[in-house]
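Here the structure comes first, spelled out in structure tokens, and everything after it is commentary.
The values are calculated or read from the model by the stated rules, or taken from the named source; none is laboratory data. What you see is a predicted model, and the numbers here were worked out from it, not measured in a lab. So basically every Cβ, Gly included, is an ideal-geometry build from the backbone, and we count neighbours across all protein chains shown.
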Amino acid sequence: MKVLKWTLRILPFLYMSAIWIMSSLPSNHFVELPDSGLDRTIKESLHLIEFAILYVLLVLAFLTRRGPFTTGLNVLCAVIAGLYGLTDEIHQSFYPYRSASLFDLVKDVTGIAVCFYFIYGALFKGKFIGLGKLLGKVRKL
């Protein structure tokens with residue numbers, strides 16, 4: 001159990017490192033689909049989940065610590081994920097083969113907000129019982 005707890009605590013940092021590295025590379029470095037329109041659509045839609053995943057990883061990390069997971073900590077996780085999205089857009093602006101845009105940041109925050117809705121509902125409002133049980137198990141690690 002200690003290994004799982006520490007893995008959950010380290011994952012956000014590893015994920016943030018991966019985002020940073022991938023943002024430094026051309027968008028077609030890893031994968032480029034033959035249909036350029038589809039390739040662009042898929043890569044643009046990844047903004048909706050990329051920072052939502054970071055938010056979820058931050059929540060999981062904070063759930064493993066001692067003490068209550070408060071609404072304030074939940075908001076803090078969302079803010080950190082959103083600010084890292086902003087940092088990522090600024091970082092990308094320094095590379096000629098990457099682009100930075102306010103619209104990308106809006107997509108990042110939208111993904112975070114959707115996950116926030118479900119996690120907030122599960123942990124603080126008694127909704128989404130299955131998710132609440134799963135998050136409760138993480139809390140008990």
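A few remarks follow.
- Which numbered condition Asp88 fails, given (1) free of Cβ contacts under 8 Å to residues at least 60 places away in the same chain; (2) assigned to a helix (DSSP H, G or I): (1)
- Candidates Phe128, Phe62, filtered to the one that is on the phi > 0 side of the Ramachandran plot and crowded, with 17+ Cβ neighbours inside 10 Å: Phe128
- Going through (1) at pLDDT 90 or above; (2) charged (D, E, K, R); (3) over 30 Å from Leu135 (Cα atoms); (4) surrounded by fewer than 18 Cβ atoms within 10 Å (Cβ to Cβ) one by one, Glu89 falls short only on (4).
- Scanning region 96-109 for residues that are surrounded by 14 or more Cβ atoms within 10 Å (Cβ to Cβ) and part of a helix (DSSP H, G or I) turns up Asp104, Leu105, Lys107, Asp108, Val109.
- Long-range neighbours under 6 Å by Cβ, at least six apart or interchain, first residue farther than 20 Å from Leu8 by Cα within region 117-141, second outside any helix (DSSP H, G or I) and modelled with pLDDT of 95 or more: Gly121/Lys127; Gly121/Phe128
- Hits in region 48-60 - residues which are in contact (Cβ under 8 Å) with a residue 60 or more places away in the chain and within 19 Å of Leu11 (Cα to Cα): Ile49, Glu50, Phe51, Ala52, Tyr55, Val56, Val59, Leu60
- Among residues of region 1-25 that are more than 15 Å from Leu58 (Cβ to Cβ), those with a Cβ under 7 angstrom from a residue that is of a type in the set (Lys, Arg), sequence gap 6+ or separate chain, pair up as Ser23/Arg98.
- Here region 1-13 is the region considered, the condition is being surrounded by 11 or more Cβ atoms within 10 Å (Cβ to Cβ) and of a type outside the set (Phe, Trp, Tyr), and the residue that is nearest to Ala52 (Cα to Cα) is Pro12.
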